[in-house]
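Q: Below is a structure I'd like to ask you about.
The numbers here are math on the coordinates, done by the rules we state, and not lab data. Just so it is clear, the structure is predicted and the values come from calculations on it, not from any experiment. Note: ideal-geometry Cβ built from the backbone for every residue, glycine included; neighbour counts use all protein chains shown.
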Amino acid sequence: QIQRKDVDSLSDLELLNLKRALRDVTEDTTSKGYAAIAAYHGYPAQCRENGQDVACCRHGSAVFPQWHKLFVVQMEQALREKGLTIGVPYWDWTKPITKLPELFAERTFTDAGEAKLNPWHQGKINLEPVVKQTSRDLDERLFEKDLSKDTRSKLFEQVLNALEYPNYCQFEVQFEIAHNAIHYLVGGKQLYSMSLLEFAAYDPIFFSYHSNVDRIYAVYEALYGPEGRAPGYECEQNCEVCDVKGFQENLEPFNRATNPFPITREHSTALSASNRTVFGYEYDSLSLGGLNVDNIKQVLKERRSKDRAFASFRLYGIKMSANIKVMVCSPSTVQRQGRTCEFAGEFFILGGSIEMSWAFTRPYFHEITDTVLKMGLRLTDNYHVYAEVYNIFGIRIPDDVLPAPSVAYRPGDDRP
Ligand code: CUO
């Protein structure tokens, strides 16, 4: 087993090893090279749907965690063949972030006394008619802390908002939405960036970021064991089926003969890829936002014990990335006295023009409790919610691109 370590904890030797290995992968023009691997996720489209060419990556789907697990393993295999001795390090964005880790932020590095371009800083897209370098446009919200919750960042709150569901199908929806935030906030207004599904994987930060996404999924498994297992496992009670069939089908293009790495080719169903032990990596730690699995369990229990309110969304693909701002509005009787609507947080969708069509089978729950209480309302009052939708340039688009959200009140759960 190789170790996937925290990108902030690497030694100088490990950093050099990572930079050299990635440089060699980017220079490799075969199916084991960067360009061929990045293309699995987005541009150029390699899958078919209803007679159209679409990107193969799976979003808005119960197999999202497994498709992306295979994808990080794919890059890890390529890096290992070029001499990497550790796994793809994870960027733990559940800790409060003040800047990008050094591995991604530095433009150059010194190799045997010579200054070289740092391959983790910027990627290339070299596929006519798109010949571009990737770029980033870091959004301030990446660095934001929710001061009302001690040192927990909003990003970590979103992750907790996923981990609280033992039910895999619900967890997956919340988890995927929590993950979308980093795409939007790292890529910002740039097109050839993490912001869009087509080009996200051409920025090498993608793989460290998704290494951490996979680690969060490992925390979910550590929290719930068999109770929270993905569909397709044998399951005795409280099991809901969200996509048993999808778990048995091949995740393209990993199953294809053109995939040069047997390990991902042979485990290319989501069911088979759910077993992380077959891929030869392990995480050095399962702590998130500074909390270990037992601490997280305790925090989740406290969250569940409180009465809460949520805005409930039915989400589907809109062929673009978007920022959704949730607004809570006082009941009309109160509005007459001069009270109106308040911002109650936001979430993100990752998409692009060549995405496969998708629709979540369950609602996405966005918590609005604090805002409702701050407005002087009771959670059971007759307030309502609506959503404002913005594209990656921060321009508002018609709200009806998505179905209107509704209010879901959830009483506290005092079970042990
Ligand atoms: Cu496909 Cu983060 O989900 O990229």
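Q: Report the FRET efficiency, 1/(1 + (r/R0)^6), for K297 and L373, where r is their Cβ-Cβ distance and R0 is 22 Å, rounded to 0.05.
A: Efficiency for this residue pair is about 0.30.
Q: Still on this structure: Put one equal scatterer on each alpha carbon of region 69-196, apply the Debye formula with no solvent term, and list log10 I(q)/I(0) at q = 0.10, 0.18, 0.20, 0.22 1/Å to two decimals.
A: -0.43, -1.24, -1.37, -1.43
Q: Show that you can apply the helix-only estimate: for the chain, add -39,500 (n - 2.57) for every DSSP H stretch of four or more residues, divide by all residues, and state [θ] at 222 nm to the nearest 500.
A: -9500 deg cm²/dmol
Q: Tell me the net charge near S268. Cut-off is 14 Å between Cβ atoms, S268 excluded, with +1 for each Lys or Arg and -1 for each Asp or Glu.
A: +1
Q: Please report, largest first and rounded to whole Å, the three semi-axes of the ellipsoid equivalent to the chain, where each semi-axis is the square root of five times an eigenvalue of the C-alpha gyration tensor.
A: So the three semi-axes of the chain are 35, 23, 22 Å.
Q: Moving on. Which is the longest run of the chain containing none of the GluC sites (Glu not before Pro) found in DSSP loop states (not H, G, I, E, B) with at most 12 other C-beta atoms within 10 Å?
A: Result for the longest clean stretch: 1-233.
Q: Scan around I397 for amide H atoms under 5 Å from its own, H built in the peptide plane at 1.01 Å from N, and keep only partners 5 or more places away or cross-chain.
A: HN-HN under 5 Å from I397: V389, Y390, N391.
Q: For the charge dipole of the chain, defined by +1 on Lys and Arg C-beta atoms and -1 on Asp and Glu C-beta atoms about the Cα centroid, which residue among S406, Q174, L300 has the Cα displaced farthest towards the positive pole?
A: So the residue furthest toward the plus end is S406.
Q: On to the next question. Which whole number in µm²/s is D for region 280-416 by Stokes-Einstein, with the Kirkwood Rh taken over Cα pairs at 10 °C and 1.306 mPa s?
A: The diffusion coefficient I find is 92 µm²/s.
Q: Alpha carbon centre of region 1-41 versus region 187-224: separation in Å?
A: Centre-to-centre (Cα) distance: 15 Å.
Q: In the neighborhood of V88, defined by Cβ-to-Cβ distances under 10 Å, what is the net charge if each Lys or Arg adds +1 and each Asp or Glu adds -1?
A: For residues surrounding V88, the net value is +1.
Q: What does the charge add up to near F360, with Lys and Arg as +1, Asp and Glu as -1, over the other residues with Cβ less than 10 Å from its Cβ?
A: 0
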